[in-house]
Amino acid sequence: METTQAAGAGVWLTVLCLCVMRRLLIALAIIFVAEPVRPLERFSVHDLAFVTRDGCVNTARMRSSLDKALKSIALPTSYELIDIDKLEPSDRRRGYGTPTVLYRGRDLFGVPEPPVQSSAPS
């Protein structure tokens, strides 16, 4: 029975990873389709930010999914990597959970900008 549960957990993790990657790809596609048509050369490393912190267990999986999504739409995989713990206490980005992907300062999945916090979220 334990083998069956372990196999089921592995399948669930694979499905979850694919869902995250699919959501990233769809969100990126919507952003670039909704934006005015312009050359891809204007895409800047400052347009896309990956917000994380040391010890975030989902960072590796999310970065891998983001890189795959960017490659699939022929965009560079260079983006700003932000350590949330090194931001000023007044920086609103400290209020996002980690990992988070921001496009031009907005959460890729539409989460509203958090209020200024005096300490990092748990």
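The values are calculated or read from the model by the stated rules, or taken from the named source; none is laboratory data. Note that this is a predicted model, so its numbers are computed, not measured. All Cβ positions, even for glycine, are placed from backbone atoms using ideal geometry, and neighbour counts span all protein chains on display.
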Original post:
Before we move on, is A49 closer than 21 Å to G110 by Cβ and modelled with pLDDT under 80?
Top reply: no
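So that you can scan it fast, the table gives a plain yes or no per residue for (1) basic (K, R); (2) over 10 Å from the mean Cα position of the chain (by Cα); (3) surrounded by 16 or more Cβ atoms within 10 Å (Cβ to Cβ):
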site: M62; (1), (2), (3): no, no, yes
site: A74; (1), (2), (3): no, yes, no
site: L81; (1), (2), (3): no, yes, no
site: R94; (1), (2), (3): yes, yes, yes
site: Y103; (1), (2), (3): no, no, yes
site: V111; (1), (2), (3): no, yes, no
Subject >> Whichever residue in segment 77-90 is touching a helix residue (DSSP H, G or I) at 6+ places or on another chain (Cβ under 7 Å) and not in a helix (DSSP H, G or I) and, among such residues, is nearest to V51 (Cα to Cα) >> reply: I82
